[in-house]
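Chemist: Sharing a structure with you now.
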Amino acid sequence: KGLFTYDPGFVSTAATESKITYIDGAAGVLLHRGYPIEQLAEKSDYLETCFLLLHGELPSDEQKAQFVSTIKNHTMVHEQLSHFFNGFRRDAHPMAVMCGVVGALSAFYHDSLDIHDEHHRLVSAHRLIAKMPTLAAMVYKYSIGQPFMYPRNELSYSENFLHMMFNTPCEEKEVSPILAKAMDRIFLLHADHEQNASTSTVRLAGSTGANPFACIASGIAALWGPAHGGANEAVLNMLNEIGDESNIDKFIAKAKDKDDPFRLMGFGHRVYKNFDPRAKVMKQTCDEVLAELGMENDPLLKIAMKLEKIATEDEYFVKRGLYPNVDFYSGIILKAIGIPTELFTVIFATGRTPGWIAHWNEMISEGYRIGRPRQLYTGHTKRDYPA
Ligand code: CMC
């Protein structure tokens with residue numbers, strides 16, 4: 001194999017240096033700029049964590065107020081962009097629409113094409129963080145045939161998202177603070193995860209000098225797959241398919257059967273082989289939200305808890321280090337909030353946006369080469385075209 005290091009799946013290849021996020025998979029540690037995810041989940045909030053990821057330090061009170069105000073300043077999307085939605089079928093998968101409309105933002109902000117200007121890069125970061133919830137809610141409204149709701153900037157980031165999702169021009173209800181807090185926690189727990197498949201995709205696209213909106217659209221495409229962000233949707237579908245605790249053993253057997261492509265969704269992680277620290281916080285949030293909503297007896301939660309118990313005691317899963325990951329419990333919370341299953345991965349994409357953009361910005365500001373992996377050629381040797 002000589003000339004190149006062969007590492008399919010990039011299991012042992014570091015493609016970059018980074019100061020943003022640290023993971024110790026064996027110990028179940030996740031730090032953003034040095035701060036443990038558990039502490040951020042408890043004491044910080046999503047927008048503050050966005051600032052931390054982007055700038056490297058927690059903001060002062062004044063910086064935080066300024067950052068929140070800047071993000072609010074960018075929550076609307078260009079009115080022209082709303083016409084894009086009409087080009088999609090109403091039953092299109094929301095991630096298909098998100099890939100399109102986020103990439104299309106490049107057509108509206110020509111200054112973003114100047115990626116070597118630090119100020120322009122920051123404005124693009126603010127635009128993306130601010131507009132993702134607006135676009136996510138527009139995708140949902142379009143799918144159900146309701147008019148788009150404009151953002152309301154007196155609301156918090158997560159309250160505003162739920163307002164745009166669930167209010168209508170005929171009826172504007174107060175957003176439940178419990179649900180807004182749960183939403184904020186979900187965004188925060190997804191905010192970054194170092195060089196995962198979608199972030200690496202953003203970096204690879206960015207290494208060609210592509211603009212940030214195009215790069216984030218490529219990240220959204222990579223996130224869509226069920227082995228990555230699409231797992232949250234797949235978990236809920238799986239729990240529904242299991243349907244009853246009595247069927248769990250059958251699904252566990254399927255997951256262990258090497259002739260069956262079925263995998264337990266929400267289980268396993270490339271890096272975490274003991275536990276996913278985000279899953280612990282997510283489970284706690286799930287318990288809190290369901291208790292506050294009086295839904296502790298939710299049948300899907302019961303199936304999930306039983307499945308977790310059986311799988312984590314099963315030799316097959318223990319031997320391979322397969323434990324519930326961040327997506328295992330997020331779907332149950334999202335369902336309790338009222339988010340439809342097909343939109344789950346869009347929520348992941350919205351939460352992950354600051355991570356993607358922080359990595360892109362780090363790469364552009366610190367110098368980079370175009371990403372260009374090599375291969376081990378296994379095809380024909382040279383042969384002549386038939387005479
Ligand atoms: N159910 C059953 N078996 C599994 C599972 C699973 N969920 N995940 C891995 N395995 C087995 C796999 O068959 C293999 O067994 P063997 O050694 O006998 O061939 C072994 O465990 C190692 O699996 P792998 O596919 O080599 O591991 P990987 O690091 O390449 O893949 C993964 C990691 C997350 C893609 C995988 O565990 C998986 O497909 N999980 C289900 C999908 C999922 O929940 N994804 C969300 C990941 S967390 C959120 C995110 O970061 O996007």
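The values are calculated or read from the model by the stated rules, or taken from the named source; none is laboratory data. Because the structure is predicted, anything quoted here is derived from the model rather than measured. Note: ideal-geometry Cβ built from the backbone for every residue, glycine included; neighbour counts use all protein chains shown.
Chemist: Output the number of residues of region 344-365 satisfying the condition of being surrounded by fewer than 24 Cβ atoms within 10 Å (Cβ to Cβ) and out of contact with any Asp or Glu (no Cβ under 8 Å at 6 or more places or on another chain).
Modeler: 4
Chemist: Of the conditions (1) under 30 Å from F4 (Cβ atoms); (2) within 16 Å of the ligand (Cβ to nearest atom), R352 satisfies every one except a single condition; which number is it?
Modeler: That leaves (1) as the condition not met.
Chemist: Scan the helices (runs of 4 or more DSSP H) fully inside region 35-122 and keep the ones with 2 or more residues being within 22 Å of M164 (Cβ to Cβ).
Modeler: 46-55, 61-73, 94-104
Chemist: Please find, among E194, E154, E241, the residue that is free of Cβ contacts under 8 Å to residues at least 24 places away in the same chain and farther than 18 Å from P324 by Cβ.
Modeler: Being free of Cβ contacts under 8 Å to residues at least 24 places away in the same chain and farther than 18 Å from P324 by Cβ holds for just one of E194, E154, E241, which is E154.
Chemist: May I pose another question? Return the pairs, sorted by first residue and then second, in which the second residue is of a type in the set (D, E, K, R) and outside any helix (DSSP H, G or I), the first residue lies in region 285-300 and is over 25 Å from I37 (Cβ atoms), the beta carbons are less than 7 Å apart, and the residues are 6+ apart or on different chains.
Modeler: Once the first residue is over 25 Å from I37 (Cβ atoms) and sits in region 285-300, no partner that is of a type in the set (D, E, K, R) and outside any helix (DSSP H, G or I) comes close enough.
Chemist: Just give me the residues in region 244-261 being touching a residue at least 60 places away in the same chain (Cβ under 8 Å), out of contact with any Leu (no Cβ under 7 Å at 6 or more places or on another chain) and not basic (K, R), in sequence order.
Modeler: Residues satisfying the conditions are E245, D249, I252.
Chemist: Checking G338 against (1) of a type in the set (G, A, S); (2) within 14 Å of the ligand (Cβ to nearest atom); (3) within 30 Å of I220 (Cβ to Cβ), which single condition isn't satisfied?
Modeler: (2)
Chemist: Which one of these is in a helix (DSSP H, G or I) and within 16 Å of the ligand (Cβ to nearest atom): A205, A234, A217?
Modeler: Just a single option satisfies the conditions, and that option is A234.
Chemist: Another question about this same structure. Return only the number of the condition from (1) more than 16 Å from the ligand (Cβ to nearest atom); (2) touching a Gly at 6+ places or on another chain (Cβ under 6 Å) that N160 does not satisfy.
Modeler: Tallying (1) more than 16 Å from the ligand (Cβ to nearest atom); (2) touching a Gly at 6+ places or on another chain (Cβ under 6 Å), N160 fails exactly one: (2).
Chemist: So which helices (runs of 4 or more DSSP H) are wholly in region 253-320 and hold at least 2 residues that are of a type in the set (A, V, I, L, M, F, W, C) and farther than 27 Å from Y22 by Cβ?
Modeler: Here the list reads 277-292, 299-313.
Chemist: Among the listed residues G206, G229, identify the single one that is crowded, with 21+ Cβ neighbours inside 10 Å and at pLDDT 95 or above.
Modeler: Sole residue among the options that is crowded, with 21+ Cβ neighbours inside 10 Å and at pLDDT 95 or above: G206.
Chemist: Just a yes or no: is a residue in region 174-185 surrounded by fewer than 18 Cβ atoms within 10 Å (Cβ to Cβ), without any contact (Cβ under 8 Å) to a residue 60 or more places away in the chain and in a loop (DSSP other than H, G, I, E, B)?
Modeler: Yes, some residue in region 174-185 is surrounded by fewer than 18 Cβ atoms within 10 Å (Cβ to Cβ), without any contact (Cβ under 8 Å) to a residue 60 or more places away in the chain and in a loop (DSSP other than H, G, I, E, B).
Chemist: One residue is enough: does region 241-250 have a residue meeting the conditions among the hydrophobic types (A, V, I, L, M, F, W, C), in a helix (DSSP H, G or I) and within 23 Å of F344 (Cα to Cα)?
Modeler: Scanning region 241-250, I find at least one residue that is among the hydrophobic types (A, V, I, L, M, F, W, C), in a helix (DSSP H, G or I) and within 23 Å of F344 (Cα to Cα), so the answer is yes.
Chemist: Only one of these conditions is not met by A15: (1) surrounded by 13 or more Cβ atoms within 10 Å (Cβ to Cβ); (2) assigned to a helix (DSSP H, G or I). Which number is it?
Modeler: Single failed check for A15: (2).
Chemist: Could you list, in sequence order, the residues of region 321-335 that are part of a helix (DSSP H, G or I) and either modelled with pLDDT of 95 or more or near the ligand (Cβ under 10 Å from one of its atoms) (or both)?
Modeler: So in region 321-335, the residues part of a helix (DSSP H, G or I) come out as 326-335.
Result: V326, D327, F328, S330.
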